[in-house]
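These notes are about the structure you will find just below.
The values are calculated or read from the model by the stated rules, or taken from the named source; none is laboratory data. The shown structure was predicted, so the numbers you read here are calculated from the model rather than taken from an experiment. Here the Cβ positions follow ideal geometry from the backbone for every residue, glycine too, while neighbour counts run over all protein chains shown.
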Amino acid sequence: MGIENLVKKAFYMGVGIASYATEKAGTTLSELRIQAEKLADEMVERGEITAEEARKLVDDMIKQAQQQTVESSTETESNQVPRRIEIIEEGEESSSTSREKSAQTQENVDDLRKQVELLKQELRNLKQN
């Protein structure tokens, strides 16, 4: 399993968790901010992240939630057909394109892992409530 497949799976898992959490949460942005701050505070207490990282994380989560709200309302209003996603198997790309994508994905792997872990924790918190 290549790094690209791992990144794809992590991304899709993150999207799925985010989608599920959004459906289950059904909260306003202020309630989401409170939940995100609690999550960040817990992570700071456990020493998993710094206070600065926690603040940035909360801001990023709120920003993503706002963007998802705008995007979903735009899609609903325009009744768009679902977008087709094409997954290119290894060996189908040119080597230069593959190297460029590998460089890009390598930069994003840690961020995606962090986001997935945060979304997992948020999902656990939502299930407990």
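Taken as a whole, the structure places S73 among residues that are modelled with pLDDT under 75, among the small types (G, A, S) and either surrounded by 10 or more Cβ atoms within 10 Å (Cβ to Cβ) or closer than 22 Å to Y12 by Cα (or both). Residues that are in a helix (DSSP H, G or I), surrounded by 12 or more Cβ atoms within 10 Å (Cβ to Cβ), of a type in the set (K, R) and modelled with pLDDT of 75 or more do occur in segment 7-21, at least one of them. Considering segment 27-41, and only residues there that are touching a residue at least 12 places away in the same chain (Cβ under 8 Å) and over 13 Å from N129 (Cβ atoms), the residue that is farthest from the chain's Cα centre (by Cα) turns out to be D41.
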